[in-house]
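Right, one structure below, let's go through it.
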Amino acid sequence: DLLKGVQLSDEELRQALADAAAALPGGSEERRASHILIPIDPAGGEAAEKAAMAKVEALRARVLAGADFAKLAREESKDPGSAAQGGDLGLVGRGVFVKEFEQALYALRKPGELSAPVRTQYGVHLIRLTEIQRPKARPTVDRAKVVTELRTRKAEELFFEMAERFHNL
C-alpha cells in the first residue's frame, strides 16, 4: 500500500538512472597507468619529504629527457606490487586509488603524459598515463526496473519510519 503513494522527483530518478548506468560493465572509462613510488621516511620530517619530492622531480626530468619510464620504475620505485612490472598498475576505473593519486591520474589527458609529483599517504608518486579505455557503447539501463527499485526502496524507508513511530507510541 505504501508503494502506491511513493512519488519520485525528477532529480532522484535522474540520479538513480546515472548510478545504474555507471554500475553496468563497460559503463565508465578505465585507465592504465604506471607509477614510480618514493616513500617518505616518517621519522625524517619535512626534510625527508623534500628529499622524496626532489628525487621524483629528478626522475621526471630524466623521463622527459627520453629515459625509459619502465626501466626507471624497476630500478627506483619502492612499490612492491608494481616495480617489477615497470610500474604498471593495470587497467582500472575510478575509486581504486587514493584521492590524490586518482585526481592526478584523471587530470592527465593523453597516453604518455606525466604528472607532477603527487604526495599521498604512501609517499611521492610520478604517474604516467599509458592507456585510456572509453566505453565502447552507451550501456542500456532498464528504466522500469530502476524506477521500481527506487520506489520500493523509498516505500521501505517510509515503512521503517512508520514502524519506529508506532514502536515509540
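With respect to Val96, is the statement that it is among the β-branched types (Val, Ile, Thr) and open to solvent by 60 Å² or more (accessible area, probe 1.4 Å) true?
Values: among the β-branched types (Val, Ile, Thr): yes; open to solvent by 60 Å² or more (accessible area, probe 1.4 Å): yes.
In short, yes.
With Ala70, Ala33 as the choices, which residue is outside any loop (DSSP other than H, G, I, E, B), in contact (Cβ under 8 Å) with a residue 60 or more places away in the chain and within 17 Å of Thr130 (Cα to Cα)? It is Ala33. When Ala84 is tested against (1) outside any helix (DSSP H, G or I); (2) exposed (fewer than 14 other Cβ atoms within 10 Å of the Cβ), only condition (1) is not met.
Every residue, every condition in (1) open to solvent by 80 Å² or more (accessible area, probe 1.4 Å); (2) touching a helix residue (DSSP H, G or I) at 6+ places or on another chain (Cβ under 7 Å), yes or no:
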{"position": "Ala104", "(1), (2)": "no, no"}
{"position": "Pro117", "(1), (2)": "no, yes"}
{"position": "Tyr122", "(1), (2)": "yes, no"}
{"position": "Arg134", "(1), (2)": "yes, no"}
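Candidates in region 42-60 are the residues that are under 26 Å from the mean Cα position of the chain (by Cα) and of a type in the set (D, E, K, R); of these, the one that is farthest from Leu72 (Cα to Cα) is Glu49. Among the residues of region 100-116, those identified as part of a loop (DSSP other than H, G, I, E, B) and either free of Cβ contacts under 8 Å to residues at least 40 places away in the same chain or within 15 Å of Gln133 (Cβ to Cβ) (or both) are Leu108, Arg109, Lys110, Pro111, Gly112, Glu113, Ser115.
Sub-9 Å Cβ pairs linking a first residue in region 74-98 that is among the β-branched types (Val, Ile, Thr) to a second residue that is part of a strand (DSSP E or B), at least 6 apart or interchain, are Val92/Glu30; Val92/Arg31; Val92/Arg32; Val92/Ala33; Val96/Leu89; Val98/Thr120, ordered by first then second residue.
Exactly one residue among Ala20, Ala73, Ala65 is crowded, with 18+ Cβ neighbours inside 10 Å and farther than 20 Å from Gly123 by Cα, and that residue is Ala20.
The values are calculated or read from the model by the stated rules, or taken from the named source; none is laboratory data. As the structure is a prediction and not an experimental result, all values here were calculated from the model. We place every Cβ from the backbone using ideal geometry, glycine too, and count neighbours over all the protein chains shown. All accessible areas refer to the heavy atoms of the entire protein, side chains included, with ligands and DNA or RNA removed. Shrake-Rupley method; radii C 1.70, N 1.55, O 1.52, S 1.80 Å.
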